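Student: Quick one: the structure is below, and I'll ask about it shortly.
The values are calculated or read from the model by the stated rules, or taken from the named source; none is laboratory data. Being a predicted model, the structure only gives us computed values, none of them experimental. Neighbour counts are summed over all protein chains in view; Cβ atoms, including those assigned to glycine, are modelled from backbone coordinates with ideal geometry. Please note that ligands, DNA and RNA were not included when accessible areas were found on the heavy atoms of the full protein model with its side chains. Shrake-Rupley method; radii C 1.70, N 1.55, O 1.52, S 1.80 Å.
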Amino acid sequence: MRYLKDSKVSITVLAIILLWIKTYIVYKTSFEINIENWRQELILFINPLSFLMFILGLSLLMKEKIRNRYILITSFLISTVLFANVVFYRFFNDFLTLPVLMQTSNMSDLGSSAGELIHFRDLAYFIDFFILLLAIKFKPAFLENRSYGKVGKRVFFLVAIAISFANLGLAETERPQLLTRTFDREMLVKNIGTYNYHLYDLFLQSKSSAQRALADGSELVDIENYIRANYKKPDEEMFGIAKGKNVILISMESTQSFVINNTVNGEEITPFLNDFIKESYYFENFYHQTGQGKTSDSEFLVDNSLYPLGRGAVFFTHSGNEFEASPSILNENGYFTATLHANNKSFWNRDIMYDSLGYERFYEINDYDVNEENSVGWGLKDDDFFQQSIQHLKEMPQPYYAKFITLTNHFPFELDEEDKMVQPYTSNSKTLNNYFPTVRYQDEALKNFIQSLKDEGIYENSIIILYGDHYGISENHNRAMGEYLGEEVTPFVSAQLQRVPLIIHIPGHKGKTISTVSGQIDLKPTILHLLGIDTKRDFNFGSDLFSKDKMEFIVLRDGSFITKDHVYTRETCYDKNTGEVTDGSGCEPYYEKAKYELEYSDKIIYGDLLRFYENLATDESQ
């Protein structure tokens, strides 16, 4: 008892304990990390400790005055990293990566979103820092600040090493080949911890930078063989059906399929789209496949038929690559290519990336009249955006390929009262509640735009393609979403909620609903084939949506995949008809295919391999 009474805790140990306990509490309260057994709970509990011991243990090598300053600064920085992940997770249901942090040109446009995600009570995430500050200032009796001897320091770091190895050993037992599953950030954080995950992410960033320097094009041979083997011939009746017509491609911000033919408060959410699909091809099992790049990822998928990266956005990390994008191909086939988006041209690095993709003209915020009356949230309202864009379309040489990026239906889903045509939903989620009025507003803006196309004589000479770019409601709102849907949002239901609308309107064609499993990666070959452009030599991971031989299989960026009869997500195979867990036999034939698709696409991007394609084609022809 006397020993316990006289024993003291060093400021270093106090800082470690406070950060350790805080991190574990954040894991349990701010992140939705799936824990299946006591071993996983133990791993989650101990995984911050080794990093904290190493990084804060360096203070033991310093003098007292410098030591205290180092502990305070380091504790604050670690808390800031943890809090940044919390804020990012609140909307994206994901963890930060180094490429995302490098997207600084986006920050000026994130004001309204950040305001919704950060709260005054978040000061609690820094409570340990304030405790340390007070402890150093007032020096309570239970604290000591002496330096340990050589033996003490060695023991300290040996314990840290032992904990680190124990953590990795347990993690590898629970999840073999853990460090090869870089697309599954939740799995990494659960097993090696937030802080070690960021160190590993730094390693991956360095590795990806080296991949381009070391690439020589030899890897392209295996990838080309895979793509050629999976090529699907277009439907002869549909190939070239829209040759010479304009293409108007509209990205519907944050629009998920569950709003189509659905109601809120007894009113239709998308009355125009519900009618428009009756005279168009509507793909009801079409999935977004985006990663951390969100809208920019959907653009990348649609224009390239390549997968986005598991970390960051290709628009930022590899904008200098060579691509075989739709705009470049269409330029060579006599099309004028343009993209229209009433936002800052540097947002998502679009001004640089669009050049790499081959767009001839980018209509950005300076090409529009934007003022306080016609803007809300992220900028120019969709209705004004579309109406002002009509003049741009009239000035374009025909035929043209014009891609529109909408804005209004964007988190945090703000809308002026006079623009609300349905009332917000009522639940514990402000995000879901406000989502419905902005979707309804977007629907009305699309209705007005289509009417304007008819009035200007553009409609009958254009194919019009509308697609949802990514989810609008993240898994953080599952409780409210379950309340709206009338069912529990299980991982199976969550995977199904990644469906987004795809509507392809071709003048003179009757409406038809197509149930084929498909995704954004399929749009490039589909559009080119409709225009009569052959894609046999292209590096496309998608296939023509109208092909009679199309395989019903699609991979999501997190490694989940969907087939005609099954959904595989979070390492579990579900029966698509019942939503029940299966023995996995139905998913087993597709595991390797899903893995290869993502790996091959990543190799193309990280190695900038398409720069070697012309030489490869020349070598093969000799």
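Student: Only residues that are farther than 16 Å from Leu18 by Cα and either open to solvent by 50 Å² or more (accessible area, probe 1.4 Å) or in contact (Cβ under 8 Å) with a residue 24 or more places away in the chain (or both): list them for segment 63-90, please. Before you say what the answer is, go through the steps one by one.
Tutor: Within segment 63-90, the subset farther than 16 Å from Leu18 by Cα is 63-67, 69, 84-90.
Those that are farther than 16 Å from Leu18 by Cα and either open to solvent by 50 Å² or more (accessible area, probe 1.4 Å) or in contact (Cβ under 8 Å) with a residue 24 or more places away in the chain (or both): Lys63, Glu64, Lys65, Ile66, Arg67, Arg69, Asn85, Val86, Val87, Tyr89, Arg90.
Student: From the set of residues in segment 545-600 that are assigned to a loop (DSSP other than H, G, I, E, B) and of a type in the set (S, T, N, Q), which is nearest to Pro525 (Cα to Cα)?
Tutor: Keep residues of segment 545-600 that are assigned to a loop (DSSP other than H, G, I, E, B), which gives 545-552, 556-560, 564-565, 570-571, 576-580, 582-587.
From the residues that got through so far, the ones that are of a type in the set (S, T, N, Q) too are 547, 560, 577-578, 582, 585.
On the way: Ser547: 10, Ser560: 23, Asn577: 29, Thr578: 32, Thr582: 34, Ser585: 31 Å.
Among those residues, the one meeting the criterion is Ser547.
Student: What is the one condition in (1) surrounded by 13 or more Cβ atoms within 10 Å (Cβ to Cβ); (2) at pLDDT below 90; (3) at negative phi that Asn93 does not satisfy?
Tutor: Just one mismatch for Asn93, condition (3).
Student: Being of a type in the set (S, T, N, Q), within 22 Å of Gly472 (Cβ to Cβ) and at pLDDT 95 or above is the requirement here; does Asn285 meet it? Give the steps one after another, and end with the answer.
Tutor: Working: of a type in the set (S, T, N, Q): yes; within 22 Å of Gly472 (Cβ to Cβ): yes; at pLDDT 95 or above: yes.
Judged against the criteria, Asn285 is a match.
So that you can scan it fast, the table gives a plain yes or no per residue for (1) open to solvent by less than 10 Å² (accessible area, probe 1.4 Å); (2) over 9 Å from the mean Cα position of the chain (by Cα); (3) farther than 19 Å from Leu340 by Cα:
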{"position": "Tyr281", "(1), (2), (3)": "no, yes, yes"}
{"position": "Phe286", "(1), (2), (3)": "yes, yes, yes"}
{"position": "Gln289", "(1), (2), (3)": "yes, no, yes"}
{"position": "Lys294", "(1), (2), (3)": "no, no, no"}
{"position": "Val302", "(1), (2), (3)": "yes, yes, no"}
{"position": "Ser305", "(1), (2), (3)": "yes, yes, yes"}
{"position": "Glu322", "(1), (2), (3)": "no, yes, yes"}
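Student: In addition: Restricting the search to segment 20-39, which residues are in a helix (DSSP H, G or I) and either surrounded by fewer than 19 Cβ atoms within 10 Å (Cβ to Cβ) or out of contact with any Asp or Glu (no Cβ under 6 Å at 6 or more places or on another chain) (or both)?
Tutor: Trp20, Ile21, Thr23, Tyr24, Ile25, Val26, Tyr27, Lys28, Thr29, Ser30, Trp38, Arg39
Student: Condition first: out of contact with any strand residue (DSSP E or B) (no Cβ under 8 Å at 6 or more places or on another chain) and either buried (at least 19 other Cβ atoms within 10 Å of the Cβ) or over 24 Å from Tyr600 (Cβ atoms) (or both). Now tell me which residues in segment 570-581 satisfy that. Outline the logic, then answer.
Tutor: Our first condition is that a residue be out of contact with any strand residue (DSSP E or B) (no Cβ under 8 Å at 6 or more places or on another chain); within segment 570-581, this holds for 570-571, 577-579.
Passing the criteria: Asn577, Thr578, Gly579.
Student: Just wondering, is there one or more residues in segment 547-554 that are among the acidic types (Asp, Glu), open to solvent by 30 Å² or more (accessible area, probe 1.4 Å) and either in contact (Cβ under 8 Å) with a residue 24 or more places away in the chain or over 28 Å from Arg311 (Cβ atoms) (or both)?
Tutor: To start, the set of residues in segment 547-554 that are among the acidic types (Asp, Glu) comprises 549, 552.
Restricting the remaining residues to those that are open to solvent by 30 Å² or more (accessible area, probe 1.4 Å) gives 549, 552.
With the extra rule that they be either in contact (Cβ under 8 Å) with a residue 24 or more places away in the chain or over 28 Å from Arg311 (Cβ atoms) (or both), the set shrinks to 549, 552.
Taking every residue of segment 547-554 in turn, at least one turns out to be among the acidic types (Asp, Glu), open to solvent by 30 Å² or more (accessible area, probe 1.4 Å) and either in contact (Cβ under 8 Å) with a residue 24 or more places away in the chain or over 28 Å from Arg311 (Cβ atoms) (or both).
Student: Give Ser515, Ser452 a once-over and let me know the one that is under 17 Å from Leu393 (Cβ atoms) and polar (S, T, N, Q).
Tutor: Working: Ser515 fails: under 17 Å from Leu393 (Cβ atoms).
Answer to the check: Ser452.
Student: Kindly indicate whether Asn374 is farther than 19 Å from Ser254 by Cα, modelled with pLDDT under 85 and among the polar types (S, T, N, Q). If you could, list the steps in order and put the result at the bottom.
Tutor: Working: farther than 19 Å from Ser254 by Cα: yes; modelled with pLDDT under 85: no; among the polar types (S, T, N, Q): yes.
No.
Student: If the requirement is being in contact with a strand residue (DSSP E or B) (Cβ under 8 Å, 6 or more places away or on another chain) and at pLDDT below 95, which of these qualifies: Gly607, Gly584, Gly542, Gly559?
Tutor: Just one listed residue meets the conditions, Gly584.
Student: Could you please give the count of residues in segment 6-19 that are at pLDDT 90 or above and either among the hydroxyl-bearing types (Ser, Thr, Tyr) or surrounded by 19 or more Cβ atoms within 10 Å (Cβ to Cβ) (or both)?
Tutor: Matching residues across segment 6-19 total 5.
Student: Within segment 227-240, which residues are open to solvent by less than 40 Å² (accessible area, probe 1.4 Å) and of a type outside the set (D, E, K, R)? Show your work before the answer.
Tutor: Keep residues of segment 227-240 that are open to solvent by less than 40 Å² (accessible area, probe 1.4 Å), which gives 227, 234-235, 238, 240.
Ile227, Pro234, Met238, Gly240 - these are the residues of segment 227-240 that are open to solvent by less than 40 Å² (accessible area, probe 1.4 Å) and of a type outside the set (D, E, K, R).
Student: Now for a different question. Please specify each residue of segment 249-279 satisfying the condition of being assigned to a helix (DSSP H, G or I) and open to solvent by less than 10 Å² (accessible area, probe 1.4 Å). Quick ask: steps written out before the conclusion?
Tutor: So in segment 249-279, the residues assigned to a helix (DSSP H, G or I) come out as 257-259, 271-279.
Across segment 249-279, the qualifying residues are Val259, Leu273, Asn274, Phe276.
Student: Name every residue in segment 339-373 that is among the hydrophobic types (A, V, I, L, M, F, W, C) and surrounded by fewer than 21 Cβ atoms within 10 Å (Cβ to Cβ), in order of residue number.
Tutor: First, pick out the residues of segment 339-373 that are among the hydrophobic types (A, V, I, L, M, F, W, C): 340, 342, 347-348, 352-353, 357, 362, 365, 370.
Of everything in segment 339-373, those that are among the hydrophobic types (A, V, I, L, M, F, W, C) and surrounded by fewer than 21 Cβ atoms within 10 Å (Cβ to Cβ) turn out to be Ile352, Phe362, Ile365, Val370.
Student: In segment 512-522, is there at least one residue being open to solvent by 40 Å² or more (accessible area, probe 1.4 Å) and more than 25 Å from the chain's Cα centre (by Cα)?
Tutor: Step one: of segment 512-522, the residues open to solvent by 40 Å² or more (accessible area, probe 1.4 Å) are 512-513, 515.
Still in the list and also more than 25 Å from the chain's Cα centre (by Cα): 512-513.
Yes, segment 512-522 has at least one match.
Student: Of all the residues that make up segment 433-442, how many are touching a Gly at 6+ places or on another chain (Cβ under 9 Å) and not hydroxyl-bearing (Ser, Thr, Tyr)? Don't jump to the end; show me each part of the working.
Tutor: Within segment 433-442, the subset touching a Gly at 6+ places or on another chain (Cβ under 9 Å) is 435, 438-439.
The next check asks that each one be not hydroxyl-bearing (Ser, Thr, Tyr); those that pass are 439.
The number of residues fulfilling the criteria is 1.
Student: Still on this structure, please answer the following. Just to be sure before I move on: is Leu466 under 30 Å from Phe31 (Cβ atoms), among the aliphatic types (A, V, I, L, M) and open to solvent by less than 20 Å² (accessible area, probe 1.4 Å) in the structure I sent?
Tutor: On the way: under 30 Å from Phe31 (Cβ atoms): no; among the aliphatic types (A, V, I, L, M): yes; open to solvent by less than 20 Å² (accessible area, probe 1.4 Å): yes.
It is false that Leu466 is under 30 Å from Phe31 (Cβ atoms), among the aliphatic types (A, V, I, L, M) and open to solvent by less than 20 Å² (accessible area, probe 1.4 Å).
Conditions (1) open to solvent by less than 30 Å² (accessible area, probe 1.4 Å); (2) polar (S, T, N, Q); (3) touching a residue at least 24 places away in the same chain (Cβ under 8 Å), marked per residue:
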position: Leu453; (1), (2), (3): yes, no, yes
position: Glu456; (1), (2), (3): no, no, yes
position: Asn476; (1), (2), (3): no, yes, yes
position: Met481; (1), (2), (3): yes, no, yes
position: Leu497; (1), (2), (3): yes, no, yes
position: Leu502; (1), (2), (3): yes, no, yes
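Student: Would you call Lys243 buried (at least 23 other Cβ atoms within 10 Å of the Cβ) and charged (D, E, K, R)?
Tutor: Details: buried (at least 23 other Cβ atoms within 10 Å of the Cβ): no; charged (D, E, K, R): yes.
When the stated conditions are applied, Lys243 does not pass them.
Student: Looking at Leu415, Leu407, which one is in contact with a Gly (Cβ under 6 Å, 6 or more places away or on another chain) and at negative phi? First the steps, then the outcome.
Tutor: On the way: Leu415 fails: in contact with a Gly (Cβ under 6 Å, 6 or more places away or on another chain).
Answer to the check: Leu407.
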